[in-house]
Each structure stands twice: as C-alpha cells, then as structure tokens.
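The values are calculated or read from the model by the stated rules, or taken from the named source; none is laboratory data. Predicted model only: the values in this text are computed from it and were never measured. What goes into the accessible areas is simple: the full protein's heavy atoms, side chains included, and nothing from ligands, DNA or RNA. Shrake-Rupley method; radii C 1.70, N 1.55, O 1.52, S 1.80 Å.
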Amino acid sequence: MRTDIFARLDREPEPPKIEVPRMTRTRLALFGGTSAFYLAIVVAVLLSTWLVTLDWKIMLFRPYQQWPELHAFLDYYVVLGQRGPTAVMVAAWLGWRSWRQHTLRPLLTLGAALLLLNTTVGAVKIGLGRLGPHYATQIGSAELFAGGDIFPSGHTANAVVTWGILAYLATTPRARRYLSALSAVVALGVGLTTVYLGTHWLSDVLLGWAAGLLILLALPWCEPLIARAEALILSLRDRLREQLRARRRLVPSLPVATGGPRPVLHPRRPPAAEEPVREIIGSRTGRPAAGRGDGRLAPPLTASRAHAVRSERTPVTPAGSRRPSHSRPLTGG
C-alpha cells in the first residue's frame, strides 16, 4: 500500500460519498439579498443616478495613466476572467476528478454553470446594449441601448463562476473555505483590473459580481437534473459496452500477418447443399469416390497417381486389316 503523497493521485477503488449542497435557509437568504442588489444596480444605471456619475469620474481619472507600471502585469492577470482559457483549465482539473472519483458530476456541474452564465449574462448584455468607456459618446450619460454589450461585465461574472465552482465542488469544509476565499480574491482582482484598463464601468463590475454569485447560489436547484443526466449518460455507456462485447464474441479472432491480406470469413454451407458425389474416371474399382465422415468429398487424384492407374476397359480394335485395300491389276494368262 502506497503511503507517499502521490498515492492521493491514484484512482479511488469506488465512488466516494460526497455530500451534495442543498438549498438551505442561509443560501436562500443570500440568493434573495444578491437578487435585490442586482436589481438595485440595474435601476441605478437606468435612472442615471449617482452610480453613473461615479462611473464617469473613474473613467476620466484614467487609472491606467496614473499607474502605468501596473499595465503590463494586469494585461496578463485579466486573462483569469476570460471564458475560453479559464474554462479549459478548470475543465481539465474537474475531468481528472471525475475519472478519479468515478462520477460525472464535476463536469456536468461546470457545464450547467457555464450554460446559466452564458444565457443570463448574455441576455442582459444584449437587452441593455450599453457602450464601454472607450466608446462613450456623451459625458454623464449611461450609454444604454446603443448597441453595446458590456453591462454586466462578462470577465467578472466568468471569474466568479469559473473559480467559484471549485469551492462549490470541494469535498471537505476546510477545502471549501480556502477555495471560496481564493476565488473571491481572483474575481475581485479581475473586476478591478477591467476598471483599471478602462474596458468596463464600475457599475458593470458590480453587476458582474452579483450575476456570478447568483449562479453559484442557484446551483443546488440544478442538482436533481445533473443527477438524472449522469445516470442517463452512464446507462448509455454501459449499453454501448455490452453491444461491443457481443460483437467481439460473434467475430472470431484470426491471426493476421503483418502487412498481409485480412482473411475473409465465408459462411459454411449445410451438408444438404453440398455437391453430389461424382465418379472419378480411371479408378481401380470403377466405383464412385466415397465421401469422408465429416461431409467433405475425397481429394481428387493427382497427376502422377492418375497416370499410374490402368484402365480395366479393353481398347476397341477395329475389325479387319488396317491397311487400305488396293486393287491388283489383272494380268493376262
């Protein structure tokens, strides 16, 4: 039995018993408070309140010009909020966990969270159509319904969901606390980085944090659907395995030479369909060749054997002389 640290990387012999998060009263209270905060941000931007004024003040302050030495680092740090790279990294980790724990729940949960993220955040982006700071046209305006797609911040919401899903799927309370703190720091940094780079308003970031947190809080409602999807996928996998095993039993395995032609299997004909026994010309007894006990015909005579056997039939000689008859000339006496 392995006792080193690499033993924890081996596949577990059976699926572990992991407690699935439930929609508790605390989670419901957090969901309700976050929903109220979400609506308050949307209303504040629609009415062009003090929040929009703060957006313009930060935009005109231009943080990327005040602290240019941070620009190179934050250009790379903001990648932690991009959907493509983060989804690939987290999916690779959760895929290994799915293999190790004999369950598809981590991958299915990530898929459900990303689906909710794309549909909800994308719908609000397209519906409100807000322009970003670099494309603003009128100072003090909320820049809504102008064909934009930055409200709420997709980078911020994606950072909250992608890194928060690791804490949601943690197997121990201690790991859940540490991962929750780490994902919160990463999501907070990604949101503020977009404000520093001037790609988002501050209100975009606030709404992105709320949108991502709502998705994480609503995931327990998706757990029954995830369980049914996992059971369906596993049943289809088992059925496919049985079909492949059945096909392997029907097809015999024949040795094939490397680079040579593959053997072609022909169906064996029943004995009733075999050809009738034929008489072999030139046999000693004159009798037809008897078939073998296994239903196959006797092998034909080879050329040397056929010449060695004499025929018992007497050759027919034509009657009379073989010479042609010549008429003799008549001589006188």
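Structure above, values below:
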| item | result |
| --- | --- |
| 196, 178, 135, ranked by accessible area, largest first (probe 1.4 Å) | 135, 178, 196 |
| The stretch 27-130 shape via C-alpha gyration tensor axes, a/c threshold 1.5 | oblate |
| Cα gyration tensor category, rounded, prolate or oblate, for the stretch 48-104 with a/c compared to 1.5 | oblate |
| Heavy atoms of residue 23 accessible to a 1.4 Å probe, total area in Å² rounded to 10 | 50 |
| Overall form of the stretch 112-233 per C-alpha gyration tensor (a/c, 1.5; a/b vs b/c) | oblate |
| Solvent-accessible area of residue 73 with every protein chain in place, 1.4 Å probe, in Å² to the nearest 10 | 130 |
| Residue-level accessible surface for residue 238, protein heavy atoms, 1.4 Å, Å² | 70 |
